[in-house]
Amino acid sequence: MGLSARNRLEGTVRSIETEGIMAEVAIETEGGQTVTAVITSDSVDRLGIGEGDEVNAVVKATEVMVENA
């Protein structure tokens, strides 16, 4: 399946915390940063992902904000 989103971060699933119908998936990128996604528990099951799996975090947003550090 193709996606129009161009922002993909390759990484490894470090943890999946499931509570009810929602799940929080923490993905560690090759650079050592962690990206966290909140998806449905059904999506975790459908994708068949677990800790240690290699995945892509795909970022699609209508707005991106930049703050001066």
Residue that is nearest to Gly50 (Cα to Cα), among those in the range 1-32 that are among the small types (Gly, Ala, Ser) and assigned to a strand (DSSP E or B): Ser15
Pairs where the first residue, in the range 54-69, is farther than 24 Å from Gly2 by Cβ and the second is at pLDDT 85 or above and basic (Lys, Arg), C-beta under 7 Å, 6+ apart: none
Qualifying positions in the range 1-44 - touching a Leu at 6+ places or on another chain (Cβ under 8 Å) and among the hydroxyl-bearing types (Ser, Thr, Tyr): Thr29
Complete set of residues in the range 1-47 that are at pLDDT below 95 and acidic (Asp, Glu): Glu10, Glu30
Per-region count, the range 43-69, residues within 16 Å of Glu28 (Cβ to Cβ) and of a type in the set (Asp, Glu): 3
Extreme residue, farthest from Val59 (Cα to Cα), among residues of the range 9-21 that are surrounded by 14 or more Cβ atoms within 10 Å (Cβ to Cβ) and of a type in the set (A, V, I, L, M): Ile16
Failed condition for Ala57, given (1) surrounded by 11 or more Cβ atoms within 10 Å (Cβ to Cβ); (2) outside any strand (DSSP E or B): (2)
Single condition Gly2 does not satisfy, out of (1) in contact (Cβ under 8 Å) with a residue 12 or more places away in the chain; (2) over 13 Å from the mean Cα position of the chain (by Cα): (1)
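The values are calculated or read from the model by the stated rules, or taken from the named source; none is laboratory data. All values reported here derive from a predicted model rather than from experimental measurement. Here the Cβ is made from the backbone with ideal geometry for all residues, glycine too, and neighbour counts use every protein chain on show.
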